[in-house]
1. Out of I252, I238, I need the residue that is touching a strand residue (DSSP E or B) at 6+ places or on another chain (Cβ under 6 Å), closer than 20 Å to A43 by Cβ and part of a helix (DSSP H, G or I). Which one?
2. For the stretch 179-207, give me each residue that is out of contact with any Asp or Glu (no Cβ under 8 Å at 6 or more places or on another chain), closer than 25 Å to L117 by Cα and touching a residue at least 40 places away in the same chain (Cβ under 8 Å).
3. If you go through the stretch 202-226, how many residues are loosely packed, with under 15 Cβ neighbours inside 10 Å and not in a helix (DSSP H, G or I)?
4. Taking I171, is it under 18 Å from the mean Cα position of the chain (by Cα), at pLDDT 95 or above and either of a type in the set (K, R) or closer than 22 Å to S118 by Cβ (or both)?
5. I want to confirm something. Restricting to the stretch 42-83 and keeping residues that are among the basic types (K, R) and under 18 Å from the mean Cα position of the chain (by Cα), which single residue is surrounded by the fewest Cβ atoms within 10 Å (Cβ to Cβ)?
6. Mind checking which residues of the stretch 40-80 are part of a helix (DSSP H, G or I), without any contact (Cβ under 8 Å) to a residue 40 or more places away in the chain and not hydrophobic (A, V, I, L, M, F, W, C)?
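The values are calculated or read from the model by the stated rules, or taken from the named source; none is laboratory data. Note that the structure is a prediction, hence the values are computed from the model and not measured. Glycine gets a Cβ as well: all are built from the backbone with ideal geometry, and neighbour counts include every protein chain shown.
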Amino acid sequence: MITVTTCTTFCPNFAGINNNNMSDSFESKKVIIAGGSSGIGLATAAKLAGEKAHVTVTGRSAARLADAAKAVPGIHTAALDSGNRKDLDAFFDARGNFDHLVIAVSGSKGAGKFADLSLKELRDGFEGKFWAQVNTLQAALPYVNKGGSITLITAISAISRAPGVSGLAAINGALELMIPSLAKEIQPLRINAVSPGVVNTPWWDFLPPDAKNDTFGQYAAQLPVGRIGEPDDVADTILFLMRNGNITGTVIRCDGGLSL
């Protein structure tokens with residue numbers, strides 16, 4: 001005979017718990033997306049705007065920002081060079097406190113076989129992504145509300161063993177290595193990173209259209225998921241990390257299995 005005991009004194013009332021660490025809504029939350037004028041950043045802005053967040057996206061290109069504002073009505077835009085610390089300090093000081101920061105700033109330099117890799121190109125790659133993200137993070141830190149989050153966008157090249165990506169691995173790996181230590185330093189503020197694989201974004205526009213399509217087809221054929229990623233795939237992962245108050249110091253791979 002099985003006896004079912006109703007727990008009163010010692011069993012917690014899980015149904016009555018108010019989980020303050022998980023917010024189901026971004027409504028009225030203030031979010032800044034650095035490098036949000038296209039690709040993954042813009043897809044994230046669109047999803048957050050759809051949840052009634054107050055979203056500001058930054059970028060260097062006024063034309064791309066104008067296109068972003070048309071694509072996602074209701075977002076705010078600000079022309080800002082994430083490599084310029086003076087302008088970053090002024091920007092965040094003018095904005096004041098906010099709830100979530102997404103750093104999607106990226107660059108296109110640093111790829112190539114190491115023997116032929118221009119070290120100037122590699123330095124430029126660090127300036128375009130590593131230093132731009134670190135500058136943005138440090139300038140923003142005093143203004144991010146303690147119940148909020150910071151999410152960096154890195155890349156799967158950080159752990160890739162493929163030929164020709166050692167420079168990109170250095171740039172993205174350096175960012176990812178900072179995440180666990182920073183999580184302990186800035187607690188209870190949370191910081192995480194999302195590491196995309198091959199994603200259909202303007203980053204690939206250095207290739208002619210036919211070459212880009214061929215490259216995407218080759219990757220799709222070898223990926224376990226059978227396709228390359230889309231910006232929305234990565235944006236969903238970013239929102240998951242922003243929403244979940246019990247995750248910090250973590251890098252999530254959103255790569256279609258490229259790293260397997």
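1. I238
2. T201, P202, W203, F206
3. So the answer is 5.
4. yes
5. Residue satisfying both the conditions and the ranking: R60.
6. G50, R64, D67, K70
Conditions tested, residue by residue: (1) within 29 Å of I191 (Cα to Cα); (2) under 13 Å from the mean Cα position of the chain (by Cα); (3) of a type in the set (S, T, Y).
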{"residue": "K212", "(1), (2), (3)": "no, no, no"}
{"residue": "A221", "(1), (2), (3)": "no, no, no"}
{"residue": "A235", "(1), (2), (3)": "yes, yes, no"}
{"residue": "N244", "(1), (2), (3)": "yes, no, no"}
{"residue": "I247", "(1), (2), (3)": "yes, no, no"}
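Residues checked against (1) in a strand (DSSP E or B); (2) of a type outside the set (F, W, Y); (3) modelled with pLDDT of 95 or more; (4) surrounded by fewer than 21 Cβ atoms within 10 Å (Cβ to Cβ):
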residue	(1), (2), (3), (4)
V105	no, yes, yes, no
K120	no, yes, yes, yes
R123	no, yes, yes, yes
F126	no, no, yes, yes
Q133	no, yes, yes, no
S157	no, yes, no, no
G164	no, yes, no, yes
